[in-house]
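Each remark here refers to the structure printed beneath this line.
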Amino acid sequence: PYLQSFSFFSNNDSLKAKYNEIYNQDPNKMELSNFIDEIKNNDILQNNKLKNNPQKLFDYFLGELHKKFKNIEDDEEEKENLNRGAEINKENAFLLFKNFMDNDKSFISENFFGIKLITKTCQVCNISQYLFKYMKSIKINIVDIDEENELDLEKIFKKMTNSKANKNDFCPICSTNQNLEISFEITKCPKIIIFILPEDKNLKFKIQKNIGKEKYHLIAAETKKKKSIF
């Protein structure tokens, strides 16, 4: 169902209009739907673990669309990672990301990318590292289903805007692996949020059509039976 859901982008009028505006004068122009089919069928998705990791699948797909709408060929995600390391000053970390983001705009990033802050705090030296990154999709765990089998997206989303975990990882201050407390915070939501639901044959639930005080409205859903709602 995850690859099938890419058809939403082929049928979105504003996406098609912007794409045609960018490539209107290109004699070798490929239709947006054909380009999306090309991504779906490329070797990276067909022979890679991305196929079994829907969030990475969507992040890769949006990254490819982002490059296409910027009309560039280089790997922006690699460029992003190379240009921005973690900073011990949160303001500097944000300024670095903002400078990158201001030079990396596309119709895709402006509509589908949010911003997340990753904070790693060493439990030994107590120094925090800050890193801002794009948030392209949100994978949710099915844990909050009420008695009417309705998935509480609002509740899940609120939990995810600020969550914490612990991981044994490298601390550059201690110069060795330490126990790090890692927090994830959504600092800016995209105009269009992509929620990724798990694929579970035995799971049945209804989805809320409005969240965020009705700021967000459900505009498309892809089910395992490949029936789409647009």
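The values are calculated or read from the model by the stated rules, or taken from the named source; none is laboratory data. No experiment lies behind these values; they were computed from the predicted model shown. Heads up, the Cβs are rebuilt from the backbone with ideal geometry, glycines too, and the neighbour counts pull from every protein chain shown. In case anyone asks, the SASA skips ligands and DNA or RNA and just uses the protein heavy atoms, side chains included. Shrake-Rupley method; radii C 1.70, N 1.55, O 1.52, S 1.80 Å.
Things worth noting here:
- The residue among N24, N41, S10 whose Cα reaches farthest toward the positive pole of the charge dipole of segment 1-64, with charges on the beta-carbon of Lys, Arg, Asp and Glu, is N41.
- For T187, the solvent-accessible surface with a 1.4 Å probe is about 70 Å², rounded to the nearest 10.
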